[in-house]
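The values are calculated or read from the model by the stated rules, or taken from the named source; none is laboratory data. Bear in mind that the values here come from a model prediction, so they are computed numbers and not experimental data. When we count neighbours, we look across all protein chains shown, and the Cβ atoms used for this are built from the backbone with ideal geometry, even at glycine.
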Amino acid sequence: MRRKIHSLIVRSEFKLQQNDFLIAKNESEHKSLSSKIAHIHQEMNAVQSLSQSLYPQGVLNKEKLLAIQRRQGALKRKLADMRMQVSQILLDKERCEKDKEMLCEKKKIFLKKIDKYDFLRVRERRERQLREVRMEESEIEERVSWQR
């Protein structure tokens, strides 16, 4: 019985370590996604300021005006692509948060199992000690009864 309990504790501790590794990996991924979002937002601000600086000033001919409009159109498409990237990364970040919640729940389960198995091990040890004490007492009583 002790061996079974010990193997259950070892297995649960191993799974807990694996789970902790997955939580750390998840946190790393979460930080990476957050930094990607921040980086894209910085790029979006730069593109927006560039787009605003392209507004025509003064007298322009038709070719310059069309060139500015093409650049602004390209920048608007780039901004739209960046918004799509941000929304995709936000979805990934949300998935990552849900995964972390799931991993934390698993961690709680593994910790409860380890506590339960430790309790069982202590209880089994106490019961074994009590059996040994009872056996010893009965042997002592038997010896005393033989000596009379």
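Please work out which residue is farthest from Leu103 (Cα to Cα), limiting yourself to region 50-72 and to residues that are surrounded by fewer than 10 Cβ atoms within 10 Å (Cβ to Cβ) and hydroxyl-bearing (Ser, Thr, Tyr).
Ranking the qualifying residues of region 50-72, first place goes to Tyr55.
At pLDDT below 95, closer than 29 Å to Gln18 by Cα, surrounded by 13 or more Cβ atoms within 10 Å (Cβ to Cβ) and under 41 Å from the mean Cα position of the chain (by Cα) - does that describe any residue in region 124-136?
Yes - at least one qualifying residue is present in region 124-136.
Tell me whether region 8-17 contains one or more residues that are among the basic types (Lys, Arg), at pLDDT 90 or above and within 30 Å of Arg126 (Cβ to Cβ).
Yes, because at least one residue in region 8-17 is among the basic types (Lys, Arg), at pLDDT 90 or above and within 30 Å of Arg126 (Cβ to Cβ).
Restricting attention to region 16-25, does a residue exist that is more than 30 Å from Lys113 (Cβ to Cβ), polar (S, T, N, Q), under 25 Å from the mean Cα position of the chain (by Cα) and assigned to a helix (DSSP H, G or I)?
Among the residues of region 16-25, not one is more than 30 Å from Lys113 (Cβ to Cβ), polar (S, T, N, Q), under 25 Å from the mean Cα position of the chain (by Cα) and assigned to a helix (DSSP H, G or I), which makes the answer no.
Between a residue in region 104-122 that is farther than 11 Å from Lys15 by Cα and any residue that is of a type in the set (Val, Ile, Thr) and assigned to a helix (DSSP H, G or I), which pairs come within a Cβ distance under 6 Å, given they are 6 or more apart or on different chains?
Tyr117/Ile5; Tyr117/Ile9; Leu120/Ile5; Arg121/Ile5
Leu75: surrounded by 12 or more Cβ atoms within 10 Å (Cβ to Cβ), in a helix (DSSP H, G or I) and touching a Ser or Thr at 6+ places or on another chain (Cβ under 9 Å), yes or no?
yes
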